[in-house]
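Notes to accompany the following structure.
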Amino acid sequence: SYTTDTKSREENKKTLESLYSLSVDITKIRRLKEWVLLQDVAYVKELAGILQEMGADETTVGNIIERCPEAILHTPAEINSQRALWQLVCQNEKQLIKLIEQFPESFFTTEYHQNQKANILFFQELGLKNNIITRFLTSAPNIFYNPVEKNKNVIEILQRNYLNLGGSEANMKIWILKLLSQNPFILLNTSTAIQENLEFLQKNDFTDQEVLQLLSKLKGFIFQLNSTTMQKSMLFSKNVFKCSDQELKQLVLKCPALLYYSVPVLEERLEGLLKEGISIAQIRETPTVLELTTQIVQYRIKKLSALGYDIKSGNLESLNGTKKDFEVTFGKIQSKKERPVFNPVAPLHIED
């Protein structure tokens with residue numbers, strides 16, 4: 001354990017000299033984590049040696065230390081253990097160095113080494129590809145800090161529920177792997193939360209098939225919700241759209257965001273659409289427009305208006321989708337607008 005009492009301590013001269021020799025920006029470290037410079041023991045040269053042996057140049061070594069100063073407090077043995085561990089899923093050391101430079105905090109968290117190793121092996125057995133596991137290590141490192149038994153338990157509960165909801169044994173593995181790769185944070189949930197949320201959907205008359213459909217559409221985010229917030233969001237939507245329970249269910253299946261977003265978020269997005277002159281009837285027809293932030297909606301309406309496209313009298317589908325989807329829609333409307341209605345020199349086709 002490292003002391004963070006900075007008042008009575010002096011910076012370690014040996015550490016400073018080693019860092020200077022690597023052209024590390026020490027003022028940056030002082031600003032971020034000065035306590036690192038006060039420790040009696042640091043392994044600057046050893047760390048640099050290991051990273052250079054893996055193919056890092058001096059600039060890369062400097063970047064890594066500046067971004068994660070506490071890296072110099074780890075022993076060479078700890079760093080080499082992490083290196084061997086990450087090599088289980090990295091193609092080569094070149095890729096590994098690139099990952100360490102981008103995500104040093106994930107790499108230099110060595111306290112959970114045994115859990116990390118057990119979880120990597122478990123994910124490989126499960127059938128997750130190494131590039132997905134690498135993505136987890138960098139973007140969701142805390143799922144590796146769990147004891148492997150906890151992660152196994154969550155996966156078993158998901159598998160059991162998938163089969164209970166009518167999913168087939170043959171598709172189960174693909175479903176689990178897809179769910180995990182879309183949202184690894186599912187593993188941070190408790191088995192009770194998973195059970196309660198599924199029961200909530202069933203109590204609200206969603207059939208087993210519909211619950212499965214929602215799980216796939218929500219990419220597992222449903223497990224990070226709770227029945228109270230889902231109930232409030234559904235009630236809010238029911239009042240706004242003035243619909244029956246059955247109609248509400250169809251709207252939720254069409255747009256799971258009505259279940260996922262909290263009331264304040266839905267309220268804000270709805271208000272933004274109404275301000276643009278869009279009617280409740282139009283939103284009810286295309287509820288997926290509520291998945292977009294108010295800023296995105298405003299930007300897209302502005303772009304379409306510049307082409308003379310009136311969203312108030314048109315279909316909201318043109319606003320929907322990812323950035324890429326919208327650009328395609330916009331391009332189609334633009335080319336349609338630019339195309340001459342009748343070209344006198346073109347051959348006349350009767351079908352036209």
Per the rule of 0.36 nm per residue minus the C-alpha distance, extending Arg160 to Glu10 adds in nm 48.2 nm
About its Cα centre, the chain carries a charge dipole, from +1 on Lys and Arg Cβ atoms and -1 on Asp and Glu Cβ atoms, whose size in debye to the nearest 20 is 680
The correct ranking of His74, His113 by accessible area at 1.4 Å, largest first, is His113, His74
With Cα springs under 10 Å, the Gaussian network model of the chain assigns the largest mean-square fluctuation among Val89, Val240, Val289 to Val240
For region 10-110, the dipole about the Cα centre with charges only on Cβ (Lys and Arg +1, Asp and Glu -1), to the nearest 20 debye, works out at 160
Summing -39500 (n - 2.57) over every DSSP H run of at least 4 residues in the chain and dividing by its residue count gives a helix-only mean residue ellipticity at 222 nm, to the nearest 500 deg cm²/dmol, of -18500 deg cm²/dmol
Note, Gly321: beta-carbon cut-off 12 Å, +1 each Lys/Arg, -1 each Asp/Glu, net -1
Within the under-12-Å Cβ sphere about Ala48, not counting Ala48, Lys/Arg +1 and Asp/Glu -1 give a net charge of -3
Per-residue accessible area, 1.4 Å probe, largest first, puts Ser139, Ser233 in the order Ser139, Ser233
By accessible area (1.4 Å), largest first, Ser237, Ser21, Ser191 order as Ser21, Ser191, Ser237
Once the dipole of the chain is set up from charges on Cβ (+1 Lys and Arg, -1 Asp and Glu), the residue from the list Ile97, Leu290, Ala306 lying farthest towards its positive end is Ala306
Which of Lys242/Lys324; Lys152/Lys219; Lys13/Lys45 exceed 22 Å between C-alpha atoms? The answer is Lys242/Lys324
Here the relative contact order (percent) of region 13-98, from C-alpha pairs under 8 Å and at least 6 apart, is 33
To the nearest 0.05, the calculated FRET efficiency linking Asn153 and Ala306 through their beta-carbon distance, R0 being 56 Å, is 0.55
With the dipole of region 10-110 defined by +1 on each Lys or Arg Cβ and -1 on each Asp or Glu Cβ, the option from Gly62, Thr75, Leu22 whose Cα lies farthest towards the positive pole is Gly62
Scoring the chain by relative contact order with C-alpha pairs under 8 Å, at least six apart, yields a percentage of 8
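I want the local charge near Thr294. Using Cβ-Cβ distances under 14 Å, sum +1 for each Lys or Arg and -1 for each Asp or Glu among the other residues.
Net of charged neighbours comes to -1.
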Rounded to 0.05, the calculated FRET efficiency for the beta carbons of Ser279 and Ser21 at R₀ = 45 Å is 0.10
Rounded to the nearest Å, the spacing of the alpha-carbon centers of region 273-328 and region 162-207 is 32
Charge dipole of the chain built from unit charges on the beta carbon (Lys, Arg +1; Asp, Glu -1), centred at mean Cα; most positive-end Cα among Pro264, Leu177, Ile120 is Pro264
To the nearest Å², the heavy-atom accessible area per residue of the chain with 1.4 Å probe amounts to 54
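The values are calculated or read from the model by the stated rules, or taken from the named source; none is laboratory data. None of the values given here were measured: they were computed from a predicted structure. With ideal geometry, Cβ positions are generated from the backbone for all residues, glycine too; neighbour counts draw on all protein chains shown. Remember, those area values only see protein heavy atoms, side chains included, never the ligands or the DNA or RNA. Shrake-Rupley method; radii C 1.70, N 1.55, O 1.52, S 1.80 Å.
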